[in-house]
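What follows draws every value from the coordinates through simple rules; no lab data is involved. No experiment lies behind these values; they were computed from the predicted model shown. All Cβ positions, even for glycine, are placed from backbone atoms using ideal geometry, and neighbour counts span all protein chains on display.
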Amino acid sequence: MSHHFLEVKNLCFSYPDGTEALRGLSFRLEHGEAVGVVGANGAGKSTMLLSLAGLVMPSEGSVNLGGMILSKNTVGEIRRRIGFLFQDPEDQLFMPTVFDDVAFGPLNQGLSASEVTARVKGALGDVGAVHLEDRPTYRLSGGEKRAVAIATVLSMMPDVLVMDEPSSGLDPRGRRLLICLLKKFSHTRLIATHDLDLVLDVCPRTIVLHEGAVAADGATEEIFQDRGLLEKCHLELPLCMKGEVH
């Protein structure tokens with residue numbers, strides 16, 4: 001399974017008004033890594049994630065997923081292989097029931113009814129939500145919506161999970177359950193978030209973005225102990241580390 005690497009080289013993106021959102025990003029994720037992406041608002045986190053999945057096309061640079069280079073010709077396959085979790089689960093839940101939402105992707109892959117059912121049961125099982133399969137999505141709690149949104153991604157059997165602020169809007173219990181879920185996945189995971197405590201719990205490695213560029217890339221604990229780096233990038237210490245670093 002070593003082919004599930006994700007390599008980014010010199011990634012650049014500018015908005016139509018000329019604003020540079022990404023300025024030469026380069027990094028590589030190996031199979032099974034869990035990597036956090038942190039940075040202040042406007043650092044380029046969401047734009048970077050959208051670029052990796054081909055939801056916006058970079059103006060320069062390359063995205064290489066297991067030997068497949070992102071292009072107009074490959075963007076459909078790249079999107080299938082990169083499971084993208086949006087910040088708001090409402091953006092991924094639009095069918096009448098949970099089962100229908102999780103089945104949507106596999107159905108569009110042309111799978112048989114029995115294969116689709118197996119995918120749905122497996123994905124809901126992975127997130128502990130099999131009991132919700134007949135529930136209308138509007139009757140789910142915030143944590144349940146997040147779990148089901150992740151299941152809609154898992155049902156596509158992606159190589160890489162890319163998540164934008166997965167803990168946003170969750171209560172403490174929902175956040176704790178999410179962290180337990182993310183820690184047990186064997187997928188390659190790239191998690192962009194303001195929740196540095198979640199990164200500390202889930203991601204041994206962290207990439208720090210600042211003004212569209214990589215400011216640091218290394219062991220999470222070492223990066224979070226670098227008070228000068230955090231201040232330069234307008235980041236606060238994780239709550240669990242406050243008082244530990246001097």
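Restricting attention to the range 141-151, does a residue exist that is in contact (Cβ under 8 Å) with a residue 60 or more places away in the chain, within 20 Å of residue 90 (Cα to Cα) and surrounded by 19 or more Cβ atoms within 10 Å (Cβ to Cβ)?
Of all residues in the range 141-151, those in contact (Cβ under 8 Å) with a residue 60 or more places away in the chain come to 149-150.
Now drop any that are not within 20 Å of residue 90 (Cα to Cα), which leaves 149-150.
Then keep just the ones that are surrounded by 19 or more Cβ atoms within 10 Å (Cβ to Cβ); that gives 149-150.
Yes.
When the residues of the range 105-118 are filtered to those that are within 22 Å of residue 90 (Cβ to Cβ) and surrounded by 14 or more Cβ atoms within 10 Å (Cβ to Cβ), the one that is nearest to the chain's Cα centre (by Cα) is 105.
Do we have any residue at all in the range 62-70 that's surrounded by 14 or more Cβ atoms within 10 Å (Cβ to Cβ), of a type outside the set (A, V, I, L, M, F, W, C), touching a His at 6+ places or on another chain (Cβ under 9 Å) and touching a residue at least 24 places away in the same chain (Cβ under 8 Å)? Yes, the range 62-70 contains a residue that is surrounded by 14 or more Cβ atoms within 10 Å (Cβ to Cβ), of a type outside the set (A, V, I, L, M, F, W, C), touching a His at 6+ places or on another chain (Cβ under 9 Å) and touching a residue at least 24 places away in the same chain (Cβ under 8 Å). The requirement of being touching a residue at least 24 places away in the same chain (Cβ under 8 Å), of a type in the set (A, V, I, L, M, F, W, C) and part of a strand (DSSP E or B) is satisfied by residue 209.
For residue 41, state whether it is surrounded by fewer than 22 Cβ atoms within 10 Å (Cβ to Cβ), of a type outside the set (Gly, Ala, Ser) and under 25 Å from residue 232 (Cβ atoms). Here the answer is yes, as residue 41 does meet what is asked.
When residue 183 is tested against the conditions (1) farther than 20 Å from residue 46 by Cα; (2) surrounded by 15 or more Cβ atoms within 10 Å (Cβ to Cβ); (3) not aliphatic (A, V, I, L, M), the lone failure is (2).
Taken over the range 6-20, the criterion of being crowded, with 21+ Cβ neighbours inside 10 Å and of a type outside the set (Phe, Trp, Tyr) is satisfied by 6, 8, 11.
Counting only residues that are more than 16 Å from the chain's Cα centre (by Cα) and buried (at least 21 other Cβ atoms within 10 Å of the Cβ), which one in the range 22-38 is farthest from residue 63 (Cα to Cα)? I'd like the intermediate steps shown before the answer.
Start the filter on the range 22-38 by keeping residues that are more than 16 Å from the chain's Cα centre (by Cα), which leaves 22-26.
With the extra rule that they be buried (at least 21 other Cβ atoms within 10 Å of the Cβ), the set shrinks to 22, 25.
Details: 22: 13, 25: 10 Å.
Looking at the filtered set, the residue picked out is 22.
Of the residues making up the range 201-227, just one is touching a Pro at 6+ places or on another chain (Cβ under 8 Å) and surrounded by fewer than 19 Cβ atoms within 10 Å (Cβ to Cβ), namely 219. Residue pairs whose Cβ atoms lie under 6 Å apart, separated by 6 or more positions or on different chains, with the first residue in the range 14-27 and in contact (Cβ under 8 Å) with a residue 40 or more places away in the chain and the second of a type in the set (D, E, K, R), are 14/20; 26/9; 27/217.
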